[in-house]
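K.L.:
Can you keep this structure in mind? I'll have questions shortly.
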Ligand code: PRX
């Protein structure tokens, strides 16, 4: 753990001057089945990145066997259910290990082998973690799909990964709703042909249909299974998981992370950013369907032997004091959440946190989107009581772990800034022509110039796409898709996406995906979607649509929202829908989104050069429709 600025500077210096030495030193903390014989091979042109070459390991041996003698009876997962009156559950490291072994054996009986893909579509329950770790134990590649995604999104991911198994639940308690999860899975499977087995956790006791010789109850599969299971020997570069994420074009892509590098970087960053010690309780409010849940609910904390709190419900149920009550109830020491949740809770007023003492908190964190100054100040003074360092952590699904962030007691937070890179991370700002901007007090495209252990290795089944998306815009660099500003002291402030990705409540949504969904509606001829500032969600989705007058019906807004919800999921529903006579297009047919972004934000001036538009008058007409 880095404890002082001096230590940070020393580590950073070594990590840049001799990255191989730096990371191989840290890798000594892990249990290798056989050691690696080279630290790094890389080029960003193919791209090809390999870490800890020829090392053999299993990440679950590093969670369990490596540490068990010290933490056998320590709580690994502290689970708080949706219902605030129901009892919380504590699962020790030893119990978790037994459950993982049993379920690993169950998966093997269902014919799952190393390299097979397993979809996990589950609520926030400990069995979801057991499922992930069991896959890792036997070398199967898990792909967790956020349980808020629609059947259509789920079937796309099943088809892309050619998954053999889905692990799911009958239903999902979310606030005062029960979501019929298994029904969504049944719907999704209809459009796929690779699924052989469905394993269903009984969480809600709701009625579900179970197909013979395909669907099995979770409790039946683990009954009578041994609590021992030999870990599969994995190469450092074998895939650990696939996680789908949206980009600016096409359908979501499967970001692939591998065993060795991901293991090392998730533990390194967890330890340093959260400084969790002894019996302290750590809580990350993300869903395991996102990378934050993977790295900072499951792998980082469990590799570090921490107690990770997992919450099944939503921040506003039974009322907006729920988060703060959980902090007091379980004496949470480190709390990690998203700006959207902060803004939403802030909007309910002060009464909801006033009755919680929050005095166990030592570190508070933020992730997923830029945090505006007002939310930063509210969080810092009302939740952190001006005494907890607020770590605004910048990173991405593709980076696997936190890249730029304050470090408690080491690197001072600066409001709205992610501040400085962690050791091993070499950020750089490039102008639009790809030239490095060396000075400070500048803005540019945020790139990374050297690999770190948990950089994505490929996009599943389509390496060319990985190259094109991340390594072609600026040759020789990993391009993050974000714009950033650097201040006098070298602190980074993330300005948001510079591509066609909208960040809604910290969730990445591609404009093309939403447009494709909207265009499925028979009354829509064409659409263009942009992000615009939204008080709670950070960015909202604004859809400009051209409608077929013959098909027009008054309920078109609801219908379009329902279509998007069916195709992607409720998180992608447009907030605003505006009928327009046309769209601003260049002669080559490209929509000029910057114009639409300004109009969506009620900024009707200084459109810049519009002479390349096919029909410059359309701008005025769209503004008229908006007013
Ligand atoms: O735009 C950045 C924003 O979220 C994007 C990554 O999204 P995703 O892969 O879903 O991962 C989210 C959780 C790591 C980034 O490209 N982002 C993430 N963290 C921050 C952020 N923007 C500003 N500040 C942050 N701390």
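K.L.:
Mind checking which residues of region 280-299 are away from the ligand (no atom under 16 Å from the Cβ) and within 19 Å of residue 95 (Cβ to Cβ)? Before you say what the answer is, go through the steps one by one.
P.N.:
Looking only at region 280-299, we keep the residues that are away from the ligand (no atom under 16 Å from the Cβ), and these are 280-283.
Of everything in region 280-299, those that are away from the ligand (no atom under 16 Å from the Cβ) and within 19 Å of residue 95 (Cβ to Cβ) turn out to be 281, 282.
K.L.:
Output the strands (runs of 3 or more DSSP E) that fall wholly within region 70-158 and possess 2 or more residues being crowded, with 22+ Cβ neighbours inside 10 Å, or say none. Write out each step before concluding.
P.N.:
Values: elements: 75-80, 89-92, 117-121, 141-144.
In region 70-158, the matching strands (runs of 3 or more DSSP E) lie at 75-80, 117-121, 141-144.
K.L.:
Shifting gears a bit: Across region 475-490, what is the total count of residues that are part of a loop (DSSP other than H, G, I, E, B), surrounded by fewer than 21 Cβ atoms within 10 Å (Cβ to Cβ) and within 16 Å of the ligand (Cβ to nearest atom)?
P.N.:
Filtering region 475-490 for residues part of a loop (DSSP other than H, G, I, E, B) gives 475-477, 487-490.
With surrounded by fewer than 21 Cβ atoms within 10 Å (Cβ to Cβ) added as a condition, the list becomes 475-476, 487-490.
Checking the rest, the ones that are also within 16 Å of the ligand (Cβ to nearest atom) come to 487.
Final tally of qualifying residues: 1.
K.L.:
From the residues in region 402-414 that are near the ligand (Cβ under 9 Å from one of its atoms) and in contact with a helix residue (DSSP H, G or I) (Cβ under 7 Å, 6 or more places away or on another chain), which one is farthest from residue 352 (Cα to Cα)?
P.N.:
Checking each candidate, the answer is 402.
K.L.:
Residues 596, 583: which one is touching a residue at least 24 places away in the same chain (Cβ under 8 Å), part of a loop (DSSP other than H, G, I, E, B) and surrounded by 19 or more Cβ atoms within 10 Å (Cβ to Cβ)?
P.N.:
Values: 596 fails: part of a loop (DSSP other than H, G, I, E, B).
Just a single option satisfies the conditions, and that option is 583.
K.L.:
Being more than 21 Å from residue 279 (Cβ to Cβ), more than 16 Å from the ligand (Cβ to nearest atom), out of contact with any helix residue (DSSP H, G or I) (no Cβ under 8 Å at 6 or more places or on another chain) and in a loop (DSSP other than H, G, I, E, B), is that true of even one residue in region 325-348?
P.N.:
yes
K.L.:
Something else: Closer than 30 Å to residue 96 by Cβ, modelled with pLDDT of 95 or more, within 16 Å of the ligand (Cβ to nearest atom) and buried (at least 23 other Cβ atoms within 10 Å of the Cβ) - does that describe any residue in region 300-323?
P.N.:
Yes, region 300-323 contains at least one residue that is closer than 30 Å to residue 96 by Cβ, modelled with pLDDT of 95 or more, within 16 Å of the ligand (Cβ to nearest atom) and buried (at least 23 other Cβ atoms within 10 Å of the Cβ).
K.L.:
Ok, one more. What residue, of 443, 374, 439, is outside any helix (DSSP H, G or I), within 16 Å of the ligand (Cβ to nearest atom) and over 30 Å from residue 27 (Cβ atoms)?
P.N.:
Working: 374 fails: outside any helix (DSSP H, G or I); 439 fails: within 16 Å of the ligand (Cβ to nearest atom).
Answer to the selection: 443.
K.L.:
Okay, next question. If you scan region 381-400, which residues turn out to be near the ligand (Cβ under 9 Å from one of its atoms) and in a loop (DSSP other than H, G, I, E, B)?
P.N.:
395, 396 - these are the residues of region 381-400 that are near the ligand (Cβ under 9 Å from one of its atoms) and in a loop (DSSP other than H, G, I, E, B).
K.L.:
Output yes when any residue across region 496-517 is over 21 Å from the mean Cα position of the chain (by Cα), away from the ligand (no atom under 16 Å from the Cβ) and in contact (Cβ under 8 Å) with a residue 60 or more places away in the chain, and no when none is. Don't jump to the end; show me each part of the working.
P.N.:
Kept after step one, since they are over 21 Å from the mean Cα position of the chain (by Cα), are these residues of region 496-517: 515-517.
Filter again for away from the ligand (no atom under 16 Å from the Cβ), leaving 515-517.
After this cut, where a residue has to be in contact (Cβ under 8 Å) with a residue 60 or more places away in the chain as well, the list is none.
There is no residue in region 496-517 that is over 21 Å from the mean Cα position of the chain (by Cα), away from the ligand (no atom under 16 Å from the Cβ) and in contact (Cβ under 8 Å) with a residue 60 or more places away in the chain.
K.L.:
Would you be able to tell me the number of residues in region 599-615 that are exposed (fewer than 14 other Cβ atoms within 10 Å of the Cβ) and without any contact (Cβ under 8 Å) to a residue 24 or more places away in the chain?
P.N.:
6
The values are calculated or read from the model by the stated rules, or taken from the named source; none is laboratory data. Predicted, not measured: the structure shown is a model, and the values here were computed from it. Reconstructed Cβ throughout: ideal geometry from the backbone, glycine too, with neighbour counts over all protein chains shown.
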